[in-house]
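A quick write-up on the structure given underneath.
The values are calculated or read from the model by the stated rules, or taken from the named source; none is laboratory data. Owing to the predicted nature of the structure, the values given are computational and were not obtained by experimental measurement. For neighbour counting, all protein chains shown are included, and Cβ atoms are generated from backbone atoms with ideal geometry for every residue, glycine included. Surface areas here come from the heavy atoms of the whole protein model, side chains and all, with no ligands, DNA or RNA. Shrake-Rupley method; radii C 1.70, N 1.55, O 1.52, S 1.80 Å.
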Amino acid sequence: MDMEKEKILIIKHGALGDFVLSVGTMCHIREMHPEASLSLMTMSPFVAMARQMNMFDEYIIDNRPSAWNLPYMFKVLAKIARGKFSHIYDLQASSRTRYRYYPLLRWMMPRSFVWVNYRKGVEYKIEKKCPVGIGAQHRNGIHAPFKISDLTFLKGEGKHFDALPERYVLLIPGCSPNHPYKRWPIENFQELVCRLADRGIHSVVIGTDIEAEEVNAIAGASPMAVNMLNKTSLLDVPQLAMRAIACVGNDTGPSHMASLSGCFAIALYDNRTKQGALRGANSVNLISPDLITKITVDQVWETLLPKLDEGLQDA
């Protein structure tokens, strides 16, 4: 009789930038459990990306509604409890997963399991033999270290790729509407577009409806700027970036995706940035000592110029 296959659950919700930075760690967990059945609990927008990783057997959707939506929360936790997981890797390590999901699962899980708090590097072994389900902490137990992700495998439909110019710089002027302080001024992007045009280089400006004002204004600054508003999906971003000379963007998920696709990427930050800096090998993080508005076009241009010259030499 065949032994039951080990079952592993990874928890990772978002935001987008956090999710893509976790891809390498997810791959590492797969290496740690090569024969296991691997499940992912995430938000619905990230499932299409996760499917292209070709490593998950099942998805548990958790769109994180209000904390007071108890029926939804218990429905999600019941799916986990039925999963018979031997290990649960909490890559989210949020107050939601640590202080609500973890304590409840200690009671709901029908068997012993290991919960790994990724942020603290702590393993909790929950022995269901104990009448109160007490978990022991092991700081040298199973650990999932951060690993640089590689997103070159991601491919979208690329519906509008045929219309792209041969040489262009990818511009990503948007970010979460909840963090307007992360947006470099529109007029700075416009000036950058004009400087690129003076050198005969196109700009490709991407974004969705929430960045429509920025995208339209920036793309309208020069005939050599291509407006790609709502013409790309998240899965298109790595391929767009790989074809570009370089990328310039705010602190937002697509900028991380461009960076992790090997593109020369320049990210713009105000002084409130924490661990969100781009991690790609060819990335440059320009961090203002004050507001993001203090980063000048000259600073970005001086950082970008060697790459533009390199591109001319290669052409």
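Descriptive notes on the structure:
- Test: residue in region 268-276 that is at pLDDT 90 or above, open to solvent by 30 Å² or more (accessible area, probe 1.4 Å) and part of a loop (DSSP other than H, G, I, E, B): no
- Members of region 25-72 that are open to solvent by less than 10 Å² (accessible area, probe 1.4 Å) and either more than 26 Å from A277 (Cβ to Cβ) or modelled with pLDDT under 95 (or both): T25, M26, I29, A36, L38, S39, M41, M49, A50, I60, D62
- Residue check, K79 closer than 22 Å to Y118 by Cβ, open to solvent by 60 Å² or more (accessible area, probe 1.4 Å) and part of a helix (DSSP H, G or I): yes
- Residue among G220, G207, G200 that alone is within 26 Å of Q239 (Cβ to Cβ) and open to solvent by less than 20 Å² (accessible area, probe 1.4 Å): G207
- Which listed residue is aromatic (F, W, Y), more than 27 Å from the chain's Cα centre (by Cα), over 17 Å from W68 (Cα atoms) and at pLDDT 85 or above, from W107, W115: W107
- Yes/no for I8 being crowded, with 19+ Cβ neighbours inside 10 Å, part of a strand (DSSP E or B), of a type outside the set (K, R) and touching a residue at least 40 places away in the same chain (Cβ under 8 Å): yes
- V205 closer than 26 Å to V20 by Cα, touching a strand residue (DSSP E or B) at 6+ places or on another chain (Cβ under 8 Å) and modelled with pLDDT under 90: no
- A search for C-beta distances below 8 Å between a residue of region 36-59 that is outside any loop (DSSP other than H, G, I, E, B) and any residue that is of a type in the set (S, T, Y) and crowded, with 17+ Cβ neighbours inside 10 Å, counting only pairs 6+ apart in sequence or on different chains, returns A50/T42; E58/S37; E58/S39; Y59/S39; Y59/T42.
- Pick from region 131-181, criterion modelled with pLDDT of 85 or more and among the basic types (K, R), ranking: least open to solvent (accessible area, probe 1.4 Å): R167
- Region 13-35, subset out of contact with any Leu (no Cβ under 6 Å at 6 or more places or on another chain) and in a loop (DSSP other than H, G, I, E, B), residue farthest from P254 (Cα to Cα): E35
- Taken together, the residues in region 209-245 that are of a type in the set (G, A, S), more than 19 Å from the chain's Cα centre (by Cα) and within 27 Å of F46 (Cβ to Cβ) amount to 2.
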